[in-house]
Amino acid sequence: MNRRCWAIAGLASWLVVGCGFKLRSSQTFAFQTLAVTPEKNGLVAADLIRYFGSAIVPLVPPGGASAGASPQVVVDILQELREKNVVGVNASGQVREFQLRIRLQFRMRTPDGRELIAPTEISQQRDISFNESAVLAKEAEEVLLFRDMQADLLQQLLRRLAAIKTLDAP
């Protein structure tokens, strides 16, 4: 019985390796310095600054004011919009379901103005039921859903930034 379990585990691991499965690793970027021009009160931009400021790429303000360094790329957050729309009501007209949505419009360019990523919009949406007898709980759930969508948007944005493989002129 013990040999059979080991054989099955070995066969399963061989199949997983053979199919090309690989754990996701950290992303590599074609740039070393980055500047972010955020939308006013933009939470995704703040997360992006936090991500690059502490993990991979040193953050340099636009214009290269720190230590005379100039950023290799600039990520402009053009618009970050949070929406809450009613999508379902009951027979008496009371709200039963909302749709939460975050839309982020951004572009990536070099400091001299050459676009690496044209203005692009990415979005996330979630549906949430509503119950007037549990308003506080539903508000807390809404905050958590917005935070989750914000994290998903950041990951999508990072994958798009990592897709740029070279900064050379076309």
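The values are calculated or read from the model by the stated rules, or taken from the named source; none is laboratory data. Being a predicted model, the structure only gives us computed values, none of them experimental. Neighbour counts are summed over all protein chains in view; Cβ atoms, including those assigned to glycine, are modelled from backbone coordinates with ideal geometry.
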Completion exercise
In segment 77-108, residues that are in a strand (DSSP E or B) and either aromatic (Phe, Trp, Tyr) or over 30 Å from Thr166 (Cα atoms) (or both) total 17
Fill in the blank from the handout: Here the qualifying pairs (Cβ atoms under 9 Å; residues six or more apart or on different chains; first in segment 7-36 and closer than 30 Å to Thr110 by Cβ and among the hydroxyl-bearing types (Ser, Thr, Tyr); second outside any loop (DSSP other than H, G, I, E, B) and modelled with pLDDT under 80) come out as Thr33/Leu59
Handout entry: Some residue of segment 115-123 being assigned to a strand (DSSP E or B) and free of Cβ contacts under 8 Å to residues at least 12 places away in the same chain
Key = yes
Handout entry: Search result, residues across segment 116-138 that are exposed (fewer than 11 other Cβ atoms within 10 Å of the Cβ) and either in contact with a helix residue (DSSP H, G or I) (Cβ under 9 Å, 6 or more places away or on another chain) or not hydroxyl-bearing (Ser, Thr, Tyr) (or both)
Key = Ala118, Glu132, Val135, Leu136, Ala137
Practice task
Under 8 Å between Cβ atoms, at least 6 apart or on separate chains: pull out the pairs that start in segment 144-170 with a residue that is surrounded by 12 or more Cβ atoms within 10 Å (Cβ to Cβ) and end on any residue that is hydroxyl-bearing (Ser, Thr, Tyr).
Solution key: Leu153/Ser123; Leu154/Tyr51; Leu158/Tyr51; Arg160/Thr120; Ala162/Thr28; Leu167/Thr110
Practice task
For Val74, indicate whether it is at pLDDT below 90, aliphatic (A, V, I, L, M) and either surrounded by 13 or more Cβ atoms within 10 Å (Cβ to Cβ) or not in a strand (DSSP E or B) (or both).
Solution key: yes
